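First comes the structure, then the notes that go with it.
The values are calculated or read from the model by the stated rules, or taken from the named source; none is laboratory data. Source: prediction; values computed, not measured. Here the Cβ positions follow ideal geometry from the backbone for every residue, glycine too, while neighbour counts run over all protein chains shown.
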Amino acid sequence: MTVTVLQFGGSNCDRDTVAALEHLGANAELIWYKDDIPAETSGIIVPGGFSYGDYLRAGSMAAQEPIMEQVREFAEAGEPVLGICNGAQILAEAGLVPGAFTVNESARFQCERIYVRVETTDSPFTAGFERGDVLELPIAHGEGRYEAEASLLERLDDEDRVLFRYCTAAGDVTDDANPNGSRLNIAGVLGPDRNVGVLMPHPERATLPDLGLTDGEGVLEDAFVTG
């Protein structure tokens, strides 16, 4: 499989993502946002960073770039697309997933290890897990608080489209386990066709054993290596 990792001005997790994918056995290619997505692409990851310096709103300017129309077409064909951190913000701003990411409740940049609970296994990104599995992953964001109207939050639950929730190491969803004030502790969601997913934590930073965490492997593996 060939995975395209998009690069915008300000992306800073693009090479980390390539290294993680290659460690897992995938062929990964960095593609600059002014170029075209290669025809042989079997999956797309929009990585973390600070596209356009997070001016206006995080991800809002990158979401308007022409390459995002190619990403949309790729997603509409049923192929896997994953947004991580700034990538999650970009895909939300582009309307590929519902809701929005805004300033952390603390109004501070949060950089730490947290826990998330797998809420659905009906996605390319969590198919290898069991519902309720707990992953330890790093976060590094200033605008990671997931916001949505109550009706949308209810629909996400009804349609089983919440990917992850912030939780304790034991898997309990509590206010204290929520690092940024996200509604209902939501750390990641799916688009309407389930092949587009976003999450604020960084699975690519929990993939290489030398970094001390490997819980992110499964998030990338099923969708982009063996899927």
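Name the single residue, out of those in the stretch 185-214 being part of a helix (DSSP H, G or I) and modelled with pLDDT of 95 or more, that is farthest from G43 (Cα to Cα).
Top of the filtered list is N185.
What is the number of the single condition among (1) surrounded by fewer than 24 Cβ atoms within 10 Å (Cβ to Cβ); (2) among the small types (G, A, S); (3) more than 21 Å from A20 (Cα to Cα) that G144 does not meet?
(1)
Name the one entry in F129, F125 that is assigned to a loop (DSSP other than H, G, I, E, B) and over 19 Å from L91 (Cβ atoms).
Of the residues listed, the single one that is assigned to a loop (DSSP other than H, G, I, E, B) and over 19 Å from L91 (Cβ atoms) is F129.
Out of all the residues in the stretch 81-102, is one or more more than 21 Å from G49 (Cα to Cα) and crowded, with 24+ Cβ neighbours inside 10 Å?
No - not one qualifying residue is present in the stretch 81-102.
Kindly check whether there is at least one residue in the stretch 187-194 that is of a type in the set (K, R) and within 25 Å of G78 (Cα to Cα).
yes
For the list (1) surrounded by 17 or more Cβ atoms within 10 Å (Cβ to Cβ); (2) under 15 Å from L199 (Cβ atoms), I need the number of the one condition that E136 fails.
Here E136 clears every test but (1).
Could you count how many residues in the stretch 194-221 are within 18 Å of P80 (Cβ to Cβ) and in contact with an Asp or Glu (Cβ under 6 Å, 6 or more places away or on another chain)?
2
I need every pair where a residue in the stretch 168-183 that is over 18 Å from L153 (Cβ atoms) has its Cβ under 6 Å from the Cβ of a residue that is in a loop (DSSP other than H, G, I, E, B) and of a type outside the set (S, T, Y), sequence separation at least 6 or different chains.
Within 6 Å, the pairs are T168/A177.
For residues that are farther than 25 Å from R113 by Cβ and in contact (Cβ under 8 Å) with a residue 40 or more places away in the chain, scanning just the stretch 156-167, find the one that is nearest to the chain's Cα centre (by Cα).
Among those residues, the one meeting the criterion is R161.
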